[in-house]
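First the structure, in the form of structure tokens, and then the observations on it.
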Amino acid sequence: KWCDIEDLLGVVLQQVQDFQQQRKLLVHMPDHIPLIQGDEVLLEQMLVNVVSNAIKYSPDGSEVTIEVHVEADAVIISVRDRGMGLDTADQERIFDKFYRADRTKHVPGTGLGLAICKGIVELHDGTISAEPAPDRGTIITISLPLSDENKSMSMHSEGEMENL
Ligand code: ATP
Ligand code: MG
């Protein structure tokens, strides 16, 4: 099924905004995002989870920034917060079932959210990774591949632009 990331993010923001107004949620995305092949309900759940973590592990009043980039063969979504951050030693492990980083242990949780997110992203042949943000906080990056059909479509439109 074809899936519109822009619509998806709209629904995600709506859902997240319903349970919190204390973070500033910022979204940067290009005017045109190619459709991807995927299950919008699962992708929506995955993004709600990642954005909820960004909110949960950052202080009231701080910013959570969602950025979308389109590359030649993938759509990249990154979610950045200004919160507790991440030890590089935990970068991979936070995607394991029940693993919780020491520095966040005072905030309740089960450690399942990201394991589920990883499953959903991999179901879409994509990747998900975590890194400490340069200054403070955490960046979660999700890459979802464009289907061959859509790759040729974006090549086609580039060709058309060259002709102008
Ligand atoms: P839940 O299952 O309720 O989501 P959880 O948030 O603890 O519980 P995950 O979402 O799987 O579980 O996250 C796993 C761990 O990764 C967290 O416990 C936390 O230590 C770390 N983590 C996830 N997102 C962030 C973030 N944005 N900033 C800092 N640490 C994070
Ligand atoms: Mg979580």
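The values are calculated or read from the model by the stated rules, or taken from the named source; none is laboratory data. Note that the structure is a prediction, hence the values are computed from the model and not measured. Backbone-built Cβ (ideal geometry, glycine too); neighbour counts: all protein chains shown.
Values computed for the structure shown
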| item | result |
| --- | --- |
| Given (1) free of Cβ contacts under 8 Å to residues at least 24 places away in the same chain; (2) surrounded by 12 or more Cβ atoms within 10 Å (Cβ to Cβ), number of the condition MET29 does not satisfy | (1) |
| Residues of segment 90-104 satisfying the condition of being within 20 Å of PRO134 (Cβ to Cβ), within 14 Å of ligand 2 (Cβ to nearest atom) and part of a loop (DSSP other than H, G, I, E, B) | ALA101 |
| Cβ pairs under 7 Å, 6+ apart, first in segment 72-85 and over 19 Å from ARG100 (Cα atoms) and in contact (Cβ under 8 Å) with a residue 24 or more places away in the chain, second among the basic types (Lys, Arg) and away from ligand 2 (no atom under 16 Å from the Cβ) | ASP73/LYS151 |
| Answer from VAL41, VAL50 - the residue that is free of Cβ contacts under 8 Å to residues at least 40 places away in the same chain, at negative phi and out of contact with any Ser or Thr (no Cβ under 8 Å at 6 or more places or on another chain) | VAL41 |
| From the options ASP87, ASP31, ASP60, residue that is at pLDDT below 95, away from ligand 2 (no atom under 16 Å from the Cβ) and closer than 22 Å to PRO134 by Cα | ASP60 |
| Close pairs from segment 113-138: first part of a loop (DSSP other than H, G, I, E, B), partner at pLDDT 95 or above and charged (D, E, K, R), Cβ under 6 Å, at least 6 apart | ALA133/ARG80; ARG136/ARG82; GLY137/ASP81; GLY137/ARG82 |
| Residues satisfying the stated conditions in segment 100-112, i.e. within 6 Å of ligand 1 (Cβ to nearest atom) and touching a residue at least 12 places away in the same chain (Cβ under 8 Å) | ALA101, THR104, GLY109, THR110, GLY111, LEU112 |
| Qualifying positions in segment 21-73 - part of a loop (DSSP other than H, G, I, E, B) and within 17 Å of ILE142 (Cα to Cα) | MET29, PRO30, ILE33, PRO34, LEU35, GLY38, ASP39, GLU71, ALA72, ASP73 |
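Here's the yes/no breakdown for (1) closer than 23 Å to LYS151 by Cβ; (2) near ligand 1 (Cβ under 10 Å from one of its atoms); (3) not acidic (Asp, Glu):
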position: GLN21; (1), (2), (3): no, no, yes
position: LYS24; (1), (2), (3): no, no, yes
position: HIS32; (1), (2), (3): yes, no, yes
position: VAL48; (1), (2), (3): no, no, yes
position: SER62; (1), (2), (3): no, no, yes
position: THR65; (1), (2), (3): no, no, yes
position: ILE77; (1), (2), (3): yes, no, yes
position: ARG80; (1), (2), (3): no, yes, yes
position: ILE94; (1), (2), (3): no, yes, yes
